[in-house]
1. Do we find that K183 is of a type in the set (K, R), over 22 Å from the mean Cα position of the chain (by Cα) and at negative phi in this structure?
2. Could you look through segment 15-50, keep only residues that are more than 16 Å from the chain's Cα centre (by Cα) and polar (S, T, N, Q), and pick out the one that is nearest to T102 (Cα to Cα)?
3. Kindly establish whether T223 is surrounded by 14 or more Cβ atoms within 10 Å (Cβ to Cβ), of a type in the set (S, T, Y), out of contact with any His (no Cβ under 8 Å at 6 or more places or on another chain) and within 16 Å of K203 (Cα to Cα).
4. Can you tell which of Y63, Y110 is free of Cβ contacts under 8 Å to residues at least 24 places away in the same chain and surrounded by fewer than 24 Cβ atoms within 10 Å (Cβ to Cβ)?
5. Go through A198, A226, A237 for me and flag whichever is over 26 Å from G128 (Cα atoms) and among the aliphatic types (A, V, I, L, M).
6. For segment 135-184, which fully contained strands (runs of 3 or more DSSP E) count at least 3 residues that are buried (at least 18 other Cβ atoms within 10 Å of the Cβ), in contact with a Pro (Cβ under 6 Å, 6 or more places away or on another chain) and not charged (D, E, K, R)?
7. Which ones in segment 47-65 are closer than 16 Å to V131 by Cβ, out of contact with any helix residue (DSSP H, G or I) (no Cβ under 6 Å at 6 or more places or on another chain) and of a type outside the set (S, T, N, Q)?
8. Filter segment 185-200 down to the residues that are in a helix (DSSP H, G or I) and touching a residue at least 24 places away in the same chain (Cβ under 8 Å) and list them by number.
Amino acid sequence: MIFISPAKINRGFNVLKKRSDGFHDIETNFQFLEWGDEITFNFDTSTSQVTCPKVKEKNNLAYKAIHLLKKTYKINKEVSLKIKKNIPIGSGLGGGSSNAATVLLVLNKYWKLNLNNKVLKDLGSSLGSDVPIFIEGVARKANGKGEIFSKTLLKEEIIFLVMPKCNISTAKAFREIKINDFKNSKKSKDFNFFEKWARKNYKEVDDSFIWLESIKKGNLTGTGSALYAIFNSFEEASKIIDNAPKNNNYFVTRSLNESPLLKELNKNGV
């Protein structure tokens, strides 16, 4: 049984202040992409394990999600996963968080746990701050640590992704925020608090911005290294790949206001 674990983009990403608990208050709009990792679930197994060439099993959020469910609800069932990683690690596209949410959603249905979305989001937030949006499954404006959702109206558009071959740690990005950085915060919908920092510290990101913005306005997603631009059609976006710098990966997809995973779960009637 194979499920798509979708990527996300942030339509703008602002950091408002540091909280007393050490986290930061943010403001962003989440939207899903019609593309992501592929996770194969095998329930005919004697032990729970996760195979993913790019991430050590015990560091994998999908592995942690399985064992969180098993421990919390004293489940003696097993599942093994094979993850095909299409979403680059440290890209700001939410791959690890999406994998964890996919595991929670699929196992909740397959193991007939009947946990509601609030419970699943609370479980997911203990694994990572982006996990709840993938549980929510609908485009949302997010505040707080990224877990307070409100309705937002976003256009579904053709998205051209530029994925430089560098990883940016979310923890490092937040750790390096200086108090003066908040003075440069803007309210514009496309503003990303970390763009200036990422371009300064990662030449691959800066070079990608310089190239992309000679064609279209580029936007950084989340704290990661990936950039995206909006095009009018797949054809228009695909044309520029042939002449694009060879040291990046590229993909053309569509932004979605509903997670494709939710459609798959409903369709499969798991």
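Each reported figure results from applying straightforward, stated rules to the coordinates on display, with no laboratory input. Please read these numbers as outputs of a predicted model, since none were measured by experiment. Glycine also receives a Cβ, built like all others from the backbone with ideal geometry; neighbour counts cover every protein chain displayed.
1. Yes; evaluated as a whole, the condition is true for this residue.
2. First, the residues of segment 15-50 that are more than 16 Å from the chain's Cα centre (by Cα): 15-25, 40-50.
Those still in the list that are polar (S, T, N, Q) too: 20, 40, 42, 45-49.
Values: S20: 31, T40: 11, N42: 14, T45: 19, S46: 21, T47: 19, S48: 16, Q49: 15 Å.
Out of the qualifying residues, it is T40.
3. Working: surrounded by 14 or more Cβ atoms within 10 Å (Cβ to Cβ): yes; of a type in the set (S, T, Y): yes; out of contact with any His (no Cβ under 8 Å at 6 or more places or on another chain): yes; within 16 Å of K203 (Cα to Cα): yes.
Spelling it out, T223 is indeed surrounded by 14 or more Cβ atoms within 10 Å (Cβ to Cβ), of a type in the set (S, T, Y), out of contact with any His (no Cβ under 8 Å at 6 or more places or on another chain) and within 16 Å of K203 (Cα to Cα).
4. Working: Y110 fails: free of Cβ contacts under 8 Å to residues at least 24 places away in the same chain.
Among Y63, Y110, only Y63 is free of Cβ contacts under 8 Å to residues at least 24 places away in the same chain and surrounded by fewer than 24 Cβ atoms within 10 Å (Cβ to Cβ).
5. Details: A198 fails: over 26 Å from G128 (Cα atoms); A226 fails: over 26 Å from G128 (Cα atoms).
Only one candidate passes the filter, namely A237.
6. Values: elements: 140-143, 148-151, 158-164.
Fully inside segment 135-184 and qualifying: nothing.
7. Across segment 47-65, the qualifying residues are V55, K64.
8. Taking segment 185-200 first, the residues in a helix (DSSP H, G or I) are 195-200.
Of everything in segment 185-200, those that are in a helix (DSSP H, G or I) and touching a residue at least 24 places away in the same chain (Cβ under 8 Å) turn out to be E195, W197, A198.
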